[in-house]
Amino acid sequence: MFTFSAFLSQIEPKNIKEALKDADWINAMQEELHQFKRNKVCNLVPRPSDRTMIKTRWVFRDKLDEFENTIRNKERLVVQGYNQEEGTDHDETFVHVAWTEAIGILIAFASHMEFNCSK
């Protein structure tokens, strides 16, 4: 059995200061920012003077396998959306993650109901 733990940080940082001390977490954060650019998720624009600024923060987690071994350093840049006002700061929200379990349930339900997707 091969393990790639040499390329992973075994320490889960509590904040950005701790993460910036570890090259593995820096690489993970750079990859996250690169994904934003590659997927054209957002663009930096000048801040309008009549709008409130919505802050972001990094969230760090180690993804573990069934044996509690770290298999991936997972980081997310998330919006601190608790101070947003609907209609002012955003019009709609969505989650960009589809859970495998949810897709399986949907396919099982469609099969059970004999849905026809050929139209």
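From the protein chains alone at 1.4 Å, what is the descending order of accessible area for Val78, Val41, largest first?
Working: Val78 55, Val41 90 Å².
Largest accessible area first, the list is Val41, Val78.
Normalised by the number of residues in the range 14-80, what is the relative contact order in percent for Cα pairs under 8 Å and 6+ residues apart?
32
Give the carbon-plus-sulfur fraction of the accessible surface of the range 22-81 in %, rounded to a whole number; probe 1.4 Å, heavy atoms of protein chains only.
52
Could you give the nm distance between label points at Glu32 and Ile54, where each point is 7 Å from its Cα heading toward the beta carbon?
For the pair Glu32/Ile54, the computed spacing is 1.7 nm.
Heavy atoms of the protein only, probe of 1.4 Å, neighbouring chains included. What is the accessible area of Ser49 in Å², nearest 10?
120
What residues have an amide H closer than 5 Å to that of Lys74, excluding those fewer than 5 places away on the same chain, when H is modeled at 1.01 Å from N in the peptide plane?
Arg61, Asp62, Lys63
For Lys40, Lys74, what's the largest-to-smallest order of accessible area, 1.4 Å probe? Let's see the in-between values first.
Working: Lys40 170, Lys74 40 Å².
Correct descending sequence by accessible area is Lys40, Lys74.
The values are calculated or read from the model by the stated rules, or taken from the named source; none is laboratory data. All of these numbers come straight from a predicted model, not from anything done at the bench. Ideal geometry is used to build each Cβ from the backbone, glycine not excepted, and the neighbour counts take in all protein chains shown. Protein only, heavy atoms only, side chains kept; ligands, DNA and RNA dropped before computing areas. Shrake-Rupley method; radii C 1.70, N 1.55, O 1.52, S 1.80 Å.
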